[in-house]
1. So if I check each of 107, 3, which one is closer than 30 Å to residue 303 by Cβ, touching a residue at least 12 places away in the same chain (Cβ under 8 Å) and assigned to a loop (DSSP other than H, G, I, E, B)?
2. Among the residues of the range 115-126, is any in contact with a strand residue (DSSP E or B) (Cβ under 7 Å, 6 or more places away or on another chain) and in the same structural domain as residue 148 (by TED's automatic domain parsing)?
3. Out of curiosity, is residue 167 under 22 Å from the mean Cα position of the chain (by Cα), in the same structural domain as residue 280 (by TED's automatic domain parsing), farther than 23 Å from residue 299 by Cα and surrounded by fewer than 22 Cβ atoms within 10 Å (Cβ to Cβ)?
4. For residue 64, all conditions in the list (1) over 30 Å from residue 160 (Cα atoms); (2) out of contact with any strand residue (DSSP E or B) (no Cβ under 6 Å at 6 or more places or on another chain); (3) surrounded by fewer than 19 Cβ atoms within 10 Å (Cβ to Cβ) hold save one; what is the number of the exception?
5. Taking residue 156 as meeting all but one of (1) surrounded by 22 or more Cβ atoms within 10 Å (Cβ to Cβ); (2) touching a residue at least 60 places away in the same chain (Cβ under 8 Å); (3) touching a strand residue (DSSP E or B) at 6+ places or on another chain (Cβ under 7 Å), write down the number of the exception.
6. Is it the case that the range 217-226 has a residue that's farther than 25 Å from residue 252 by Cβ and either under 24 Å from the mean Cα position of the chain (by Cα) or surrounded by 15 or more Cβ atoms within 10 Å (Cβ to Cβ) (or both)?
7. So residue 75 clears everything in (1) closer than 29 Å to residue 300 by Cα; (2) touching a helix residue (DSSP H, G or I) at 6+ places or on another chain (Cβ under 8 Å) except one condition, right? Which one?
8. Before we move on, is residue 13 surrounded by 13 or more Cβ atoms within 10 Å (Cβ to Cβ), outside any helix (DSSP H, G or I), in the same structural domain as residue 134 (by TED's automatic domain parsing) and on the phi < 0 side of the Ramachandran plot?
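The values are calculated or read from the model by the stated rules, or taken from the named source; none is laboratory data. Small disclaimer: the values here were computed from a predicted structure and weren't measured. As a convention, Cβ positions derive from the backbone with ideal geometry for all residues, glycine included, and neighbour counts pool all protein chains shown.
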């Protein structure tokens with residue numbers, strides 16, 4: 001939510017956000033009006049028992065109508081969530097304009113949604129006044145979902161790039177090349193493919209035509225999740241346990257230093273039936289830090305990084321190993337870094353704030369609405 005703190009929004013709009021007790025993210029550092037609101041999940045026990053208790057009725061805000069009574073614009077995200085559905089239901093009663101940011105890059109429609117979220121989708125599609133697609137791929141998906149083209153703008157998100165730019169001049173740590181693999185520790189983030197590639201390099205088995213010299217590449221896996229135990233065991237089985245460091249959850253303030261110290265950042269995302277990489281915020285951050293990016297071509301990744309990254313097909317860990325060998329041999333590609341820095345400007349909090357402010361003004365009638373890029 002950093003863009004909403006920018007003057008271009010904060011000076012024109014009174015911005016408040018709703019926060020429940022069980023929110024996923026720490027919002028304590030935001031300089032925005034925080035309004036507490038209860039959800040059903042807040043009232044249920046912690047853990048799996050509480051999850052089960054709200055699964056049947058579905059989660060929802062309690063007393064939401066009172067929280068939205070004075071709003072001229074309500075901003076939610078994605079089609080299949082309960083909070084988007086609630087906002088959609090209240091729109092005709094309260095008269096606000098509904099904006100829905102959409103990250104989804106797969107058009108699920110009704111066939112690939114469960115019974116409950118089919119209804120959420122229908123209500124959100126019908127009630128939304130303006131869709132802000134985070135990528136062109138998300139815009140195309142929205143068209144197949146049934147959203148009218150004239151109600152869609154492409155509006156990429158923004159991050160606090162200045163934090164990462166300040167770290168860009170820091171020299172990488174000495175020693176063997178360092179690969180940083182950020183993301184939740186789940187199968188679809190592809191950490192296991194990074195480990196496979198590094199194991200190939202240690203054995204010198206990454207060149208199909210001729211045996212290459214064995215090289216060691218260190219790995220930092222940054223994130224937490226249910227696959228941690230399996231990934232630790234896998235690294236040991238592959239014979240690279242000594243090269244892999246699991247950093248766990250890292251405070252956001254530490255990420256610029258982590259990126260700046262890396263030889264490259266790898267985002268090895270894999271598509272599954274219900275998800276593909278929708279944007280990859282770490283990509284914008286790594287570009288600002290001047291860090292070489294190696295990424296799979298999953299979802300919207302190529303759209304975000306363009307020529308500022310080196311690509312391999314999702315799941316092609318031998319190709320990833322080959323690219324890592326090239327990066328290790330030439331870690332300071334100035335041309336790629338300049339391209340990455342320039343490209344990262346699109347994803348600054350300031351640029352995102354300008355796009356959002358223009359969208360809000362168009363919606364309220366201050367200027368004609370335009371479809372396409374905002």
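1. Of the residues listed, the single one that is closer than 30 Å to residue 303 by Cβ, touching a residue at least 12 places away in the same chain (Cβ under 8 Å) and assigned to a loop (DSSP other than H, G, I, E, B) is 107.
2. Step one: list which residues in the range 115-126 are in contact with a strand residue (DSSP E or B) (Cβ under 7 Å, 6 or more places away or on another chain), which gives 124.
Those left that are additionally in the same structural domain as residue 148 (by TED's automatic domain parsing): 124.
Yes - at least one qualifying residue is present in the range 115-126.
3. Values: under 22 Å from the mean Cα position of the chain (by Cα): yes; in the same structural domain as residue 280 (by TED's automatic domain parsing): yes; farther than 23 Å from residue 299 by Cα: yes; surrounded by fewer than 22 Cβ atoms within 10 Å (Cβ to Cβ): yes.
Here the answer is yes, as residue 167 does meet what is asked.
4. (3)
5. (3)
6. Initial filter on the range 217-226 (farther than 25 Å from residue 252 by Cβ): 217.
Still in the running and either under 24 Å from the mean Cα position of the chain (by Cα) or surrounded by 15 or more Cβ atoms within 10 Å (Cβ to Cβ) (or both): 217.
Yes: one or more hits.
7. (2)
8. Numbers: surrounded by 13 or more Cβ atoms within 10 Å (Cβ to Cβ): yes; outside any helix (DSSP H, G or I): yes; in the same structural domain as residue 134 (by TED's automatic domain parsing): yes; on the phi < 0 side of the Ramachandran plot: yes.
Criteria met by residue 13.
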